[in-house]
Amino acid sequence: MDRHVWTDEETEKLAAKMNGRFPGSGFQISHCKNKVKRLKEKYQFAANMAACSGFGWDDVKQCVVVDNKEILAAYMKKQG
């Protein structure tokens with residue numbers, strides 16, 4: 001999978017759109033860079049979990065699911 005690296009120009013556009021959508025919010029480029037970084041981390045965690053045997057994806061709830069508590073416990077123990 002190709003990982004997109006955000007350019008400064010794209011981050012500036014995102015900050016401008018956020019400020020346009022939420023006037024007075026004062027979004028700065030640094031805020032947007034931080035949020036993008038955090039979203040990528042959370043996405044990667046969820047994608048890795050969903051790819052493991054015993055896990056799946058719930059399209060309605062938009063979350064990773066597991067039916068077996070033992071599988072979840074083993075996964076969490078492995079993650080340390």
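Any read-out appearing in this document is the output of simple, stated calculations on the displayed coordinates, not a laboratory observation. Quick caveat, the model's predicted, so the values are computed rather than measured. Cβ placement follows ideal geometry from the backbone for every residue including glycine, while neighbour counts extend to all protein chains displayed.
Show me, for region 55-70, the HN-Hα J-couplings you get by feeding each phi into the Karplus relation (A = 6.51, B = -1.76, C = 1.60, θ = phi - 60°), rounded to Hz, glycine and proline as x.
So the Karplus estimates, Gly and Pro as x, are 9, x, 10, 9, 5, 6, 7, 6, 8, 6, 10, 9, 8, 10, 5, 5 Hz.
Using a Förster radius of 30 Å, what is the FRET efficiency between Arg21 and Leu72 based on their Cβ-Cβ separation? Nearest 0.05, please.
On the way: r = 37 Å, r/R0 = 1.24.
About 0.20, to the nearest 0.05.
Just in region 36-80: which trypsin sites (Lys or Arg not before Pro) are loop by DSSP and have at most 11 other Cβ atoms within 10 Å?
In loop regions of region 36-80 (DSSP not H, G, I, E or B), the sparsely surrounded trypsin sites (Lys or Arg not before Pro) are Lys61.
Put a dot 7 Å past each Cα toward the Cβ at Trp57 and Lys33; how far apart are the dots in nm?
So the two model labels end up 3.0 nm from each other.
Based only on Cα atoms, what mean projected area does the convex hull of the chain have, in nm²?
7.6 nm²
Taking springs between alpha-carbon atoms closer than 10 angstrom, which of Glu12, Glu41, Glu70 fluctuates most in the Gaussian network model of the chain?
Maximum among the listed residues: Glu70.
Please tell me which of these pairs span more than 24 angstrom C-alpha to C-alpha: Lys33/Lys77; Lys35/Lys61; Lys37/Lys77?
The answer is Lys33/Lys77; Lys37/Lys77.
With θ set to phi - 60° and the Karplus curve 6.51 cos²θ - 1.76 cosθ + 1.60, what are the ³J(HN,Hα) couplings of region 31-44 in order, to the nearest whole Hz, using x for Gly and Pro?
4, 5, 4, 5, 5, 4, 4, 5, 4, 4, 4, 5, 4, 4
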